[in-house]
Amino acid sequence: MKVKIGSSMLELLQGDITQQDTDAIVNAANRKLLGGGGVDGAIHRTAGPELLAECRTLGGCDTGDAVITRGYKLKARYVIHTVGPVYKGSSPNTERLLASAYKRSLEVALAKGIRSMAFPAISTGAYGYPLEEASFVALRTIIDFLRVHSEIKLVRFVLFNQRTLEAFETSLGRLNPAGS
Ligand code: AR6
């Protein structure tokens, strides 16, 4: 599924984010930035040990913030590491932190001159954020940003399974950014 936001493109597809050739891919990391399971583990395995070495120099990342490294053996030139919230029930603060993880990733990308980037579904694995809520917050945040910042030409969600893709498609339909 693809939708135009101003002069930018927002895309949803099922796949493995480590194989993306966008300028940057986003990692759903933890505050220590020293690797982990899920998408974080897959990105570190594909990028190779130099990624962990660079992450060690960064001193961690707060929840809702983002930092950037090189991509090493990945096709993507950069990795933007962000930390989503652990879900402990629906709350305005949790939602704010998830939106912030997306927004800060986009801001960091913009500052580097990145034109295309791929996101996973942040916080929806180990961190337990329900897909229906998380996908809505994620897409709303990206759409609001792209409406103001056409410098980023492509944002692609790379969703690991069918269930996640369907949740994002439903949320995108609800947000109806093309106004149809
Ligand atoms: N490509 C795209 N999406 C993936 C991939 C992949 N290769 N692998 C998993 N996913 P999670 P979180 C999806 O748990 O919830 C880590 O240990 C997965 O199906 O990776 O933000 C970190 O170090 C799910 O939809 O991240 C942290 O400690 C989504 O990626 C913690 O987990 C996110 O699941 C972060 O938890």
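Could you tell me whether any residue of segment 6-24 is open to solvent by 40 Å² or more (accessible area, probe 1.4 Å), within 11 Å of the ligand (Cβ to nearest atom), assigned to a strand (DSSP E or B) and in contact (Cβ under 8 Å) with a residue 12 or more places away in the chain? Within segment 6-24, one or more residues are open to solvent by 40 Å² or more (accessible area, probe 1.4 Å), within 11 Å of the ligand (Cβ to nearest atom), assigned to a strand (DSSP E or B) and in contact (Cβ under 8 Å) with a residue 12 or more places away in the chain.
When the residues of segment 46-81 are filtered to those that are without any contact (Cβ under 8 Å) to a residue 24 or more places away in the chain and among the basic types (Lys, Arg), the one that is farthest from Ala111 (Cα to Cα) is Arg56.
Being within 12 Å of the ligand (Cβ to nearest atom) and out of contact with any Leu (no Cβ under 8 Å at 6 or more places or on another chain) is a condition met by at least one residue of segment 44-65. Scanning segment 129-154 for residues that are without any contact (Cβ under 8 Å) to a residue 24 or more places away in the chain and of a type in the set (A, V, I, L, M, F, W, C) yields one hit, Val148. Quick check on Ala42: is it among the small types (Gly, Ala, Ser), out of contact with any His (no Cβ under 7 Å at 6 or more places or on another chain), surrounded by 16 or more Cβ atoms within 10 Å (Cβ to Cβ) and touching a residue at least 24 places away in the same chain (Cβ under 8 Å)? Spelling it out, Ala42 is indeed among the small types (Gly, Ala, Ser), out of contact with any His (no Cβ under 7 Å at 6 or more places or on another chain), surrounded by 16 or more Cβ atoms within 10 Å (Cβ to Cβ) and touching a residue at least 24 places away in the same chain (Cβ under 8 Å). Cβ-Cβ contacts under 8 Å between residues 6 or more apart (or on different chains), taken from a first residue in segment 159-179 that is among the basic types (Lys, Arg) to a second residue that is open to solvent by less than 50 Å² (accessible area, probe 1.4 Å) and part of a helix (DSSP H, G or I), are listed as Arg163/Leu131; Arg174/Phe136. Taking each residue of segment 82-111 that is under 13 Å from Thr124 (Cα atoms) and looking for partners that are among the charged types (D, E, K, R) with beta-carbon atoms closer than 6 Å, six or more apart or interchain, yields Val83/Arg31.
Of all residues in segment 45-58, none are buried (at least 18 other Cβ atoms within 10 Å of the Cβ), among the hydroxyl-bearing types (Ser, Thr, Tyr), closer than 19 Å to Phe119 by Cβ and touching a strand residue (DSSP E or B) at 6+ places or on another chain (Cβ under 9 Å).
The values are calculated or read from the model by the stated rules, or taken from the named source; none is laboratory data. Just so it is clear, the structure is predicted and the values come from calculations on it, not from any experiment. Here the Cβ is made from the backbone with ideal geometry for all residues, glycine too, and neighbour counts use every protein chain on show. Calculation scope for accessible area: heavy atoms of the full protein, side chains included, ligands and nucleic acids excluded. Shrake-Rupley method; radii C 1.70, N 1.55, O 1.52, S 1.80 Å.
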